[in-house]
Structure formats: structure tokens, C-alpha cells
1. Can Gly94 be described as at positive phi and not hydroxyl-bearing (Ser, Thr, Tyr)?
2. With the checklist (1) open to solvent by 20 Å² or more (accessible area, probe 1.4 Å); (2) within 16 Å of ligand 2 (Cβ to nearest atom); (3) touching a helix residue (DSSP H, G or I) at 6+ places or on another chain (Cβ under 6 Å) in hand, flag the one item Ser273 doesn't pass.
3. Which residue out of Glu180, Glu193 is away from ligand 2 (no atom under 13 Å from the Cβ), acidic (Asp, Glu), at pLDDT 95 or above and open to solvent by 10 Å² or more (accessible area, probe 1.4 Å)?
4. Can you tell me which of Gln246, Gln238 is more than 16 Å from ligand 1 (Cβ to nearest atom), closer than 26 Å to Asn54 by Cα and surrounded by fewer than 23 Cβ atoms within 10 Å (Cβ to Cβ)?
5. Of all the residues that make up the stretch 323-364, how many are among the acidic types (Asp, Glu), under 24 Å from Glu276 (Cα atoms) and open to solvent by 40 Å² or more (accessible area, probe 1.4 Å)?
6. Do any residues in the stretch 319-348 that are at negative phi and aliphatic (A, V, I, L, M) have Cβ atoms under 6 Å from those of residues that are at pLDDT 95 or above and open to solvent by 40 Å² or more (accessible area, probe 1.4 Å), where the two are at least six apart or on different chains, and which pairs are they?
7. Return the residues of the stretch 111-162 that are farther than 26 Å from Pro243 by Cα, open to solvent by less than 40 Å² (accessible area, probe 1.4 Å) and in contact with a Pro (Cβ under 7 Å, 6 or more places away or on another chain); say none if nothing qualifies.
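The values are calculated or read from the model by the stated rules, or taken from the named source; none is laboratory data. Please read all numbers here as calculations on a predicted model, not as lab measurements. Positions of Cβ are generated from backbone atoms using ideal geometry, with glycine treated the same way; all protein chains shown enter the neighbour counts. What goes into the accessible areas is simple: the full protein's heavy atoms, side chains included, and nothing from ligands, DNA or RNA. Shrake-Rupley method; radii C 1.70, N 1.55, O 1.52, S 1.80 Å.
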Amino acid sequence: MRSIGGRSQATRIGISRRHALGLGLAALTQPLLATPSLAGGRLMPPQTSAPQSNPFPLGVASGDPLPDGFVLWTRLAAEPLSQDPLSPGGLSGGDVLLKYEIAVDPLMQRIVRSGLARAEAVFAHSVHLEVSGLKPGRPYWYRFVTSEAASPIGCARTAPGEGQPLDNFRFGFVSCANYEQGYFSAYRHLAAEAPDLVLFLGDYIYETSAPLDKATVRRHGDPEIPTTLAGYRNRYAQYRLDPDLQALHAAAPALTIWDDHEVQNDYAGEWASNFEPPARFLLQRAAAYQAFYEHMPLRPSRCLQPGTAPGAAMRIYDRTNFGDLVSFSMLDGRQYRSREACYAPPYGGGHVVTARQCPELTDPSRSLLGEEQEAWLYDGLAASKARWNVIGQTVLMAPLHDNHPGTEAHEWTEAWDGYPAARTRLLDHIESSGVANPVVLSGDNHAFWANELKRESDGTTIATEFVGTSITSYGPPYEMVAKWLPSNPQVRFFESRKRGYSVVDVNAHRMVTRFQAISDAADPEAKVETLASFVLEAGRKELMTA
Ligand code: FE
Ligand code: CA
């Protein structure tokens with residue numbers, strides 16, 4: 001199918017595509033000529049780092065945009081893979097203050113804000129700077145500066161004022177980047193499209209590694225499954241050393257949610273897929289959640305709960321609006337999940353059941369989002385005034401059945417098929433809320449899908465689901481799934497043999513979703529092509545190919 005590239009960018013909110021591209025790919029630390037004058041803080045470099053080492057090897061990121069600001073992130077880690085749990089990133093000692101600068105031009109010549117940011121020792125010397133008081137609906141550029149070095153420059157962006165008109169918006173969505181299974185060319189190509197925003201839909205890292213006798217494209221530095229804070233920190237640091245991932249974070253602000261591999265494959269709430277007792281598993285989960293926070297441009301005032309140990313509970317679900325055009329509800333599909341149906345040895349994670357074998361499957365008290373998040377989502381959808389309402393989440397929402405006529409449906413317990421009552425509740429609420437143009441975006445599956453989400457009773461389409469393929473992670477067997485498709489008419493497109501990313505261009509009249517496939521995840525110079533494009537017209541449910 002043909003590409004839909006080349007639309008005018010003139011009315012997008014003010015960033016030149018060429019500028020952003022140049023910045024995104026120029027993710028190099030620049031020597032600083034003049035030492036910034038800083039008053040009153042302990043300045044870099046701390047005693048433990050060598051004078052010439054780069055304090056910013058993990059790059060920079062921005063996220064959680066609001067009309068007057070955003071969150072800026074970096075992490076000081078002169079020795080990013082240091083194995084010493086007492087000096088993560090090679091740093092010991094207390095908090096470090098470093099200078100930040102925010103400018104209205106990509107060369108940082110017109111600085112409109114500067115000050116001191118705190119790299120918190122308790123969070124592995126990561127910075128989560130909540131910036132406010134900026135102008136709505138425009139790009140800003142930022143960097144961090146120590147006495148010896150400046151970080152790469154990143155591009156952040158404020159959302160337009162609440163309900164303000166926004167003509168065009170471009171965002172990307174990505175998921176499932178197994179470091180061992182390929183290079184992150186998909187991230188690089190998405191950065192080059194200069195999206196206004198990127199949704200990270202989970203499996204940003206993988207906790208598992210291939211056996212050492214099995215060939216891989218790259219290796220996790222430590223093949224052990226992390227269970228400690230130090231282990232998870234190093235896994236994130238290894239991923240964040242990747243230049244393509246750094247380029248994407250530098251190019252655009254992020255909205256970030258986790259799926260399972262940020263902690264453990266197929267876990268649900270306090271229930272480990274390896275049957276670790278909950279009390280022990282929750283310690284591992286807290287370490288993983290904390291390391292996730294430390295490496296993502298997440299808003300501390302939302303994530304960190306006073307009086308709660310970091311990571312013990314962390315709110316990552318949230319809603320971000322871009323003017324009157326698009327609202328993003330980003331969901332946490334793991335922390336509050338009911339235990340997977342018929343969880344018993346040997347099945348601690350995803351497995352296939354039928355409702356007859358496993359009556360628990362259809363128990364209406366089970367939830368994928370948890371009661372509180374469900375209520376928050378339903379209220380938000382009902383109140384939304386946005387033209388397009390995107391729900392960013394992780395696992396496949398459309399039903400997928402491998403059944404043949406006359407046999408009982410087989411359900412995969414790990415996706416929404418494993419929580420059918422919760423899915424029915426959600427679709428009923430989407431419909432009864434009258435929310436405009438609902439679109440679900442999903443990850444986890446390692447395949448591109450375009451699906452119609454239908455009311456069970458009569459097959460009326462209620463919403464559309466797009467699933468992005470993985471950045472690198474191997475996809476499900478194409479031939480097997482393709483055989484099921486004739487009995488799954490809600491599936492309009494499926495392709496599991498390609499790795500890549502997705503880009504959405506949206507305006508008041510239509511949303512165009514482009515599935516972008518890279519040539520080969522094993523090739524660090526992989527090229528990209530458009531695999532398929534879909535058009536949704538505002539106010540209509542029919543999914544059309546472009
Ligand atoms: Fe995955
Ligand atoms: Ca997953």
C-alpha cells in the first residue's frame with residue numbers, strides 16, 4: 001500500500017522537521033566552553049568520577065507535557081554499568097545539583113529559563129525536573145550542564161491550552177524492544193519523523209536473556225534475570241546507552257507506560273508467573289518499578305506517593321490532552337490486574353483455556369485495570385471534550401479465537417481475552433459515554449494489527465484498535481495466526497513478520513495511522529518503508545485503507 005507521507009506540516013505546532021531531525025541524530029555530548037556560574041549547590045563532578053568522563057552517557061528525555069511545562073530527565077552515570085550496588089552509575093554520595101537550560105531555539109541561543117536541577121542519590125542520581133510557567137503549544141529545547149560538560153540537547157513541547165484549537169498533531173507509538181533480538185533502527189526512523197509525542201507502550205526493556213549457547217544479535221551485559229534494584233538499574237542503563245533510543249528521547253516528549261517485561265514476563269499484580277510468593281515477588285516488583293521511574297521522564301508528583309516506599313506502589317496511569325484535538329488516556333495494565341484465570345502450576349502466565357475448563361475466566365469481579373483505574377478511565381472518557389480519544393495500553397484488546405466452527409473458543413489468558421467481563425465493561429462504557437472517536441493503541445503482541453472493537457450482542461463497531469509491532473522482539477508465527485483470521489472478521493490487518501513502529505497524523509477531520517516496517521532488525525543500518533496506512537474519518541467507525 002502506498003505511503004501517506006508528504007502532508008503539509010505548516011500548521012503543526014511550530015517545530016521545523018529538519019531542526020528536530022538534526023537534533024535527534026546529533027545526540028552527542030558537547031564540550032562546554034565556559035564554566036557556568038552556579039551558586040549554592042554541590043556541583044558535578046562528584047569525587048568518584050574521572051575528570052574527563054561523560055556524566056551524561058544515558059542521554060536526556062522529556063515527558064508528561066502540560067500546557068505550561070513538562071518533565072525533563074537525565075541521569076548522571078559516569079560509569080553506567082557499574083556493578084557496585086552502592087554506587088549506581090559509578091556515583092556515591094548525596095544529591096548533586098546541576099544546571100539546566102531551556103531555550104526557544106534548537107541551538108540554545110535564546111535561553112528563557114535556567115536554574116538548578118537535583119540529581120537524587122536515592123534514585124540513582126536521576127533528575128526528574130517538573131518545569132512549569134512556560135508558554136502553551138510550542139516546542140522548547142533543553143540541556144543539562146555541569147562544570148565540565150553539557151548534555152545532548154533535547155526537544156520538549158508544551159501542550160496547547162486546555163480546549164484550545166490544535167490543527168494537526170503527529171505522534172508515534174512503540175513497544176517491545178528486546179536488546180538481544182536486534183538494533184533499535186525503528187526508534188531511529190521514528191525520531192527522524194519528528195513526532196510531536198511518542199507513546200511507549202511497554203516492554204521497554206526485557207528482563208530475560210537468551211541462553212548463552214543461542215545466537216543473538218546483541219547480548220544483555222548480565223544474562224541473569226534481574227531481581228534487585230541494582231540489576232534492574234543496569235538493564236535500563238544498558239538500553240539507554242543505545243544511540244537510536246537516545247535519539248528518539250531527544251527528539252520528542254514521551255508518555256510512558258509499562259507492560260510485563262519491565263518486571264517479569266506475564267506477572268499480574270502481586271502474582272508472579274514463576275509462583276514466587278507475593279510477599280517476595282512484591283519486593284522484586286518494587287525494585288523494578290523504582291528502576292523504571294529512575295529511567296523515564298515521569299512526573300514525580302504523580303508517581304511518588306508520600307509515605308510509601310519508592311516502587312511499592314507507583315501511579316503511572318494518567319491523561320494528557322493536546323488542546324481540543326486529542327486526549328491520551330495511558331493505562332497501567334499490570335499493577336492492579338486480577339490474577340490470571342486458572343493460575344496454577346504449570347501455568348503461572350499466559351496460557352490457553354476455555355470458559356468451560358476455567359469458569360474463573362468469565363467471573364465479572366475480575367479486572368485488568370483494577371476498580372479505581374477503571375472508574376478513573378470511565379469518568380475521564382465521559383467528561384472528555386477532545387475530538388479524538390486515544391487509549392494507550394499494552395495487551396491485545398480485540399478478541400482472537402483459534403476456534404473452528406463447532407468447537408469451544410480458546411482464550412489466551414494474558415490479553416483482554418483473559419478478562420472478557422472487564423473488556424465488555426470497558427466497551428459498554430465507551431459506547432454509553434458517547435466519547436468522540438475512541439481509538440485503542442496496544443503493544444505486547446509483536447505484530448501489527450488493525451481491529452474493529454465490537455459490541456458483543458450485535459457486532460456493532462464501538463472503537464478501533466491499532467497494535468504496533470515490536471521494535472525488535474520476535475513476532476508470533478505468521479502462518480499459525482493467519483489461519484485463524486477467517487473466523488476473526490474483527491481483524492482487518494495482521495502482520496507479524498515485520499518489526500517497526502507506528503505513526504499517527506491527526507486533524508479535526510481524520511486520523512491516519514501508518515504502520516512502518518524496518519528492513520531487518522539485525523541490521524544496525526536498517527531502512528524503513530510504509531507497510532500499510534489506515535484512515536478513520538471523524539464521527540465514523542469504518543476503518544479504511546489509505
Ligand atoms: Fe513484548
Ligand atoms: Ca508484554
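1. Considered against the rule, which asks whether it is at positive phi and not hydroxyl-bearing (Ser, Thr, Tyr), Gly94 comes out as no.
2. With (1) open to solvent by 20 Å² or more (accessible area, probe 1.4 Å); (2) within 16 Å of ligand 2 (Cβ to nearest atom); (3) touching a helix residue (DSSP H, G or I) at 6+ places or on another chain (Cβ under 6 Å) applied to Ser273, the lone miss is (3).
3. Glu193
4. It is Gln238.
5. Of the residues in that region, 1 qualify.
6. Close Cβ pairs satisfying both conditions: Leu325/Arg387; Met330/Asp318; Ala341/Glu360.
7. Across the stretch 111-162, the qualifying residues are Gly137, Ala159, Pro160, Gly161.
Each row is one residue, and each column tells you yes or no for (1) of a type in the set (A, V, I, L, M, F, W, C); (2) out of contact with any strand residue (DSSP E or B) (no Cβ under 6 Å at 6 or more places or on another chain).
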site	(1), (2)
Gln164	no, yes
Ala177	yes, yes
Pro223	no, yes
Arg233	no, yes
Arg240	no, yes
His249	no, no
Ala252	yes, no
